[in-house]
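**Q** Handing you this structure, nothing more for now.
The values are calculated or read from the model by the stated rules, or taken from the named source; none is laboratory data. These numbers come from a predicted model, not from an experiment. Every residue, glycine as well, gets a Cβ built from its backbone with ideal geometry; the counts of neighbours run over all protein chains shown.
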Amino acid sequence: MNIPLVKVYVDDEIKKAVLEVLDSGWYILHEKTREFEKKFAEFCNAKNAVCVSSGTAGIFLSLLALDIKRGDEVIVPSFSFVSTATPVLEIGAKPVFVDVDAKTYTVDPEKIREAVTKRTKAIMPVHLYGHPANMDPIMEIAEDNDLYVVEDACQAHGAEYKGRRVGGIGHVACFSFYPSKNMTVCGDGGAVVTNNEEIAETVRKLRDHGRRDKYVFELKGYNLRFNEIQAAIGIKQLEKLPEWNESRRNIARMYNQALDGLVTTPVEEPWAKHVYHVYVIRTKKREQLKEFLSHQGISTIVHYPVPIHMQPAITSILGAQPALNNTEKFAKEVLSIPMCPTLTKREVEYVSEKIAEFFKDHK
Ligand SMILES: Cc1ncc(COP(=O)(O)O)c(C=O)c1O
């Protein structure tokens, strides 16, 4: 068998939707984008979604819209994709890295509280791997200290915290529609989701050269727009997302059962609905297991072997950062195994059997 890590879903309906846009003559920020924005905002139970060119662009523009700037600090987990932190640097502020919780791998609220200073302006929890961060204590810390909360929801379309979809919980949230995500626009794309009209309006301007209307440029903006082909794909993918997330959860249940006792399997907190953007196991024998599975035709990947606070891109600017025990330990042990809604029961069994086979010889 040959089992890829993810497969992107494209059907005839999606192809037809793309052809319709090509024939329409409208390609950028038009009706399809507005329709997708409306539907995505509704999906997140939020008032606004503003589509932008990527999740990274969404984070960058959100921070700008919140007027975070040089001298400010933003508290972020280090156990995430690098672009949780690089937009913070881009706007001249300082990312302050904190450790993650040992069960969910999401940012530890206690560590956030310890990291707040007079310069802190925002907290950026990441709903890592599709599991929501523990939002109540995070919102409480934000309220106590007059801070913004920017949800990095790039991996968590449809995840829930205490019955609420992520995206509408913090002051602003950023999603990515990159091809490997729970839903994609078959290219780069992202959305900024917020209940705050002012933030939404500022991001709308900033993504399009700072434009107020056709000829008046009110803000120093950028070209970080979204296109109509992607919107048409996004509309179709969004329709399928709830069913796909259920499918991911079923696959996770099968893996959980089969792998219990062999590796550390993902935890779903009682207050969480995990959407398993990736299914991440943990073992001290990560490198050998990865190699073994590759010989069996099973693709795996590591999210993430080098924590952000140890990335050269960060240390070259900020200097060496304080150690983060959980983050640095997990970076050596985590392994993402195949997970996507179209994975068959037989494929899940094959992956599980091969992992069991490996551990027979590596007790
Ligand atoms: C946690 C996290 N934040 C931010 C991003 C950035 O999204 P994009 O690749 O769309 O720029 C990603 C995407 O991989 C991500 O996983």
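**Q** Which number in (1) under 25 Å from Val306 (Cβ atoms); (2) surrounded by fewer than 24 Cβ atoms within 10 Å (Cβ to Cβ); (3) among the β-branched types (Val, Ile, Thr) marks the one condition that Ile68 misses?
**A** Among (1) under 25 Å from Val306 (Cβ atoms); (2) surrounded by fewer than 24 Cβ atoms within 10 Å (Cβ to Cβ); (3) among the β-branched types (Val, Ile, Thr), the lone unmet condition for Ile68 is (1).
**Q** Can you tell me which residue is nearest to the chain's Cα centre (by Cα) among those in segment 109-128 that are surrounded by fewer than 22 Cβ atoms within 10 Å (Cβ to Cβ) and assigned to a loop (DSSP other than H, G, I, E, B)?
**A** Val116
**Q** Could you list, ordered by first residue, the pairs with Cβ atoms under 7 Å in which the first is in segment 213-234 and part of a strand (DSSP E or B) and the second is of a type outside the set (A, V, I, L, M, F, W, C), at least 6 apart or interchain?
**A** Every condition considered, the pairs that remain are Phe217/His209; Phe217/Gly210; Phe217/Arg211; Asn223/His209; Asn227/Tyr27.
**Q** Being surrounded by fewer than 24 Cβ atoms within 10 Å (Cβ to Cβ), at pLDDT below 95 and either more than 16 Å from the ligand (Cβ to nearest atom) or under 16 Å from the mean Cα position of the chain (by Cα) (or both) narrows it down to one residue among Val82, Val6, Val21, Val10; which is it?
**A** On the way: Val82 fails: at pLDDT below 95; Val21 fails: at pLDDT below 95; Val10 fails: at pLDDT below 95.
Exactly one residue qualifies, and that residue is Val6.
**Q** Taking interchain pairs and intrachain pairs at least six residues apart, which have beta carbon atoms under 9 angstrom, with the first residue in segment 114-130 and more than 10 Å from Leu147 (Cα to Cα) and in contact (Cβ under 8 Å) with a residue 60 or more places away in the chain and the second within 16 Å of the ligand (Cβ to nearest atom) and acidic (Asp, Glu)?
**A** Within 9 Å, the pairs are Met124/Glu151; Met124/Asp152.
**Q** Taking Val275 as the residue in question, decide whether it is aliphatic (A, V, I, L, M), in a loop (DSSP other than H, G, I, E, B) and over 26 Å from Glu35 (Cα atoms).
**A** Details: aliphatic (A, V, I, L, M): yes; in a loop (DSSP other than H, G, I, E, B): yes; over 26 Å from Glu35 (Cα atoms): no.
Spelling it out, it is not the case that Val275 is aliphatic (A, V, I, L, M), in a loop (DSSP other than H, G, I, E, B) and over 26 Å from Glu35 (Cα atoms).
**Q** Under 7 Å between Cβ atoms, at least 6 apart or on separate chains: pull out the pairs that start in segment 152-172 with a residue that is on the phi > 0 side of the Ramachandran plot and end on any residue that is assigned to a loop (DSSP other than H, G, I, E, B).
**A** Pairs that qualify, where the first residue is on the phi > 0 side of the Ramachandran plot and the partner is assigned to a loop (DSSP other than H, G, I, E, B), are Gly158/Asn182; Gly158/Val275; Lys162/Trp271; Gly167/Cys44; Gly167/Ala46; Gly167/Ala153.
**Q** Yes or no: Val192 touching a Ser or Thr at 6+ places or on another chain (Cβ under 8 Å), in a strand (DSSP E or B) and within 24 Å of His303 (Cα to Cα)?
**A** Numbers: touching a Ser or Thr at 6+ places or on another chain (Cβ under 8 Å): yes; in a strand (DSSP E or B): yes; within 24 Å of His303 (Cα to Cα): yes.
Yes; evaluated as a whole, the condition is true for this residue.
**Q** Right, here's the next one. Is there a residue in segment 201-216 that is modelled with pLDDT of 95 or more and under 18 Å from the mean Cα position of the chain (by Cα)?
**A** Scanning segment 201-216, I find no residue that is modelled with pLDDT of 95 or more and under 18 Å from the mean Cα position of the chain (by Cα), so the answer is no.
**Q** Restricting attention to segment 140-154, which residues are part of a loop (DSSP other than H, G, I, E, B), crowded, with 22+ Cβ neighbours inside 10 Å and not aliphatic (A, V, I, L, M)?
**A** Cys154
**Q** Considering only segment 154-163, I want to know if a residue exists there that is more than 8 Å from the ligand (Cβ to nearest atom), within 11 Å of the chain's Cα centre (by Cα), of a type outside the set (A, V, I, L, M, F, W, C) and within 23 Å of Ile75 (Cβ to Cβ).
**A** No, there is no match, as no residue in segment 154-163 is more than 8 Å from the ligand (Cβ to nearest atom), within 11 Å of the chain's Cα centre (by Cα), of a type outside the set (A, V, I, L, M, F, W, C) and within 23 Å of Ile75 (Cβ to Cβ).
**Q** Under 9 Å between Cβ atoms, at least 6 apart or on separate chains: pull out the pairs that start in segment 334-363 with a residue that is at positive phi and touching a residue at least 12 places away in the same chain (Cβ under 8 Å) and end on any residue that is in a helix (DSSP H, G or I) and surrounded by fewer than 22 Cβ atoms within 10 Å (Cβ to Cβ).
**A** Sorted first by the residue in segment 334-363, then by its partner, the list stays empty.
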